[in-house]
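The values are calculated or read from the model by the stated rules, or taken from the named source; none is laboratory data. As the structure is a prediction and not an experimental result, all values here were calculated from the model. Counting neighbours? That spans all protein chains shown, and the Cβs are built from the backbone with ideal geometry, glycine included.
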Amino acid sequence: MADAQWWQHAVGYEIYPQSFFDSNHDGVGDLPGIQTKISYLTSLGVDFVWLSAFYPSGQVDSGYDVTDYRGIDPQYGTLADFTALVTAFHAANIKVVIDLALNHTSSQHPWFQAAVQDPASPYHDYYVWRPATATTVPNNWESIFGGSAWTYVPAVDAAYLHTFAEDQPDLNWENSAVRREMAATIQWWADRGIDGVRLDGVTHLKKRQDFANVGHPRMDYYQDVAGTDVFLAALKPVLTRNQLFVIGEAGGIDMPTAQRWLDPQQGFFDLLLEFDHVHFWEKAEPKLPVAALRATLSKWQFGLEKSGGWNALFIENHDLPRAVSYYGNATDYRRRSAKALALWYLLMKGTPFIYQGQELGLPNAGFTQISQYRDLDSRLYYQQQRAAGVPAKQVLAQLAMGSRDNARTPMPWTHQQYGGFSDHEPWIQLAPGTDQINVERESHDPHSVLTFYQQLIRLKKSVPALEQGRYELIDTRDDQLYVYRRTLNGDNWLVVVNMSNQVATTQEFDLTTSELIFTNTEVDADSDDLEIHPWEARLYHLRKLE
């Protein structure tokens, strides 16, 4: 864990290299392309970047099927390009966090190839194998992507476990050699100047060792299985020795575990990315109602504050749909709802993450045909649902709302063809409306979503109460308003956001003793009016705490 808690005063920005900026005219983003945009990130107010997977890969699951943990996929550049990028970021006072997929490799990884070719090889035990036949699997465990989590290999006369795609065999973390390999990999990248790591899928590492059938075949064999701490403890020395900033992806984690893992002295992480507030893993499931959002996010605010932990604040990443399409209203109130969502989540207690394009209010991809999708999960889901008899129109509607490809469309820099992302047809289509929704246009618009983000970030960093103050929920007992206070040493601020398409009113708070400081609508003399317009967001400075 990092010794200095600089990240508590920072704003992070996730970059999906494949879709950020193409510098070599092949329709795919790359590391030199990222370097050309550092001044833009500086103008936004970014303090660290998280680079999603860029390793050599089988490209079955968008780079998260790694074939070499110590290299750069040629489509993104070279190790020299990576070194130059880190140097340039550091010159701009921006720290660099890399992604590390811990749970699995690609089936093309030399370790797995050796495991298949020679069962006596030490690499065989780098993976999880169980007795099986061509027609009989070891148990009822299922892949997150659907179907059995086991694939039989005749040459080995056994089946290997893959929690995700068949091409992503799970590593055997019970094997101490695997733990040493991963620790050595972290050290290798630390020697190349990184400032932190995001450890992918840490809640998948520990599997039930009885290999028995489970009640929920898609998750019970790894979720809440005791023993993950042993694996994380094996990584802690290299993380601490290099003073790395450590982020853990921890879907499905409970509060006691989160509190333990984030303990400033005994824990393993500085931040955890948990997914209680998003339901992206079930394509057909709607977003949480506002009342449930209040309860869920407040649980994490109160729980971590009580234990001395720190929240990671995010509403988008490379695995999620676009926030303005998921939480907001991209049809009738795109700009206003994008700003409302920014003020709502970014001013809570914690470190905010922005995902590329979020700061523009970029909507979902708007794909209408399965041929437009590149995401393996989305394509498999379509096949499985169609095979089950679900009409194509219904499945495509689910994907249009929840597919991971919604966030993976190219970053629009200009109004030009291909959004200025490339002068070549991109690897995936752009989101709709990028002739208007782009960095060039929004940079010169004082009322744009981008300008709002820039102002909001400066505000949060300049007000100690908005960074370090307590979070106090005001429960309006409705499904429209999200209202909370931030307080520090008598300095009190109030956030009021209407997260609905209708006017909202409430008597749960008093605005007569407050001053309106920041809003996503025009400021008027009635700023203390309790009639809150659809997707209106207000930040008040309270002269006294009621």
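The conditions of being part of a loop (DSSP other than H, G, I, E, B) and outside the structural domain of Leu473 (by TED's automatic domain parsing) are met by Val214. Could you check the stretch 359-374 and list, in sequence order, the residues that are part of a loop (DSSP other than H, G, I, E, B) and either crowded, with 21+ Cβ neighbours inside 10 Å or at pLDDT below 95 (or both)? Listed by number, the residues that qualify are Gly361, Leu362, Pro363, Asn364, Ala365, Phe367, Tyr373.
Every residue, every condition in (1) free of Cβ contacts under 8 Å to residues at least 12 places away in the same chain; (2) over 20 Å from Glu249 (Cα atoms), yes or no:
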| site | (1), (2) |
| --- | --- |
| His277 | no, no |
| Ala292 | yes, yes |
| Trp300 | no, no |
| Ile315 | no, no |
| Asn329 | no, yes |
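Criterion applied to Glu536, Glu442 was being of a type in the set (D, E, K, R), in the same structural domain as Ala323 (by TED's automatic domain parsing) and either under 27 Å from Gly308 (Cα atoms) or out of contact with any Lys or Arg (no Cβ under 7 Å at 6 or more places or on another chain) (or both), and the one residue passing it is Glu442. If you check Tyr326, Tyr333, Tyr345 for being over 30 Å from Trp6 (Cα atoms), in the same structural domain as Phe54 (by TED's automatic domain parsing) and in contact with a Leu (Cβ under 9 Å, 6 or more places away or on another chain), only one passes: Tyr326. Residue pairs whose Cβ atoms lie under 7 Å apart, separated by 6 or more positions or on different chains, with the first residue in the stretch 80-94 and in a loop (DSSP other than H, G, I, E, B) and the second modelled with pLDDT under 95 and exposed (fewer than 13 other Cβ atoms within 10 Å of the Cβ), do not occur. Per the conditions (1) closer than 20 Å to Asp510 by Cα; (2) under 26 Å from the mean Cα position of the chain (by Cα); (3) hydroxyl-bearing (Ser, Thr, Tyr); (4) surrounded by fewer than 22 Cβ atoms within 10 Å (Cβ to Cβ), the sole criterion not satisfied by Thr487 is (2). Helices (runs of 4 or more DSSP H) fully within the stretch 388-463 that include at least 1 residues being in contact with a strand residue (DSSP E or B) (Cβ under 7 Å, 6 or more places away or on another chain) and under 26 Å from Ala10 (Cβ atoms): 449-462.
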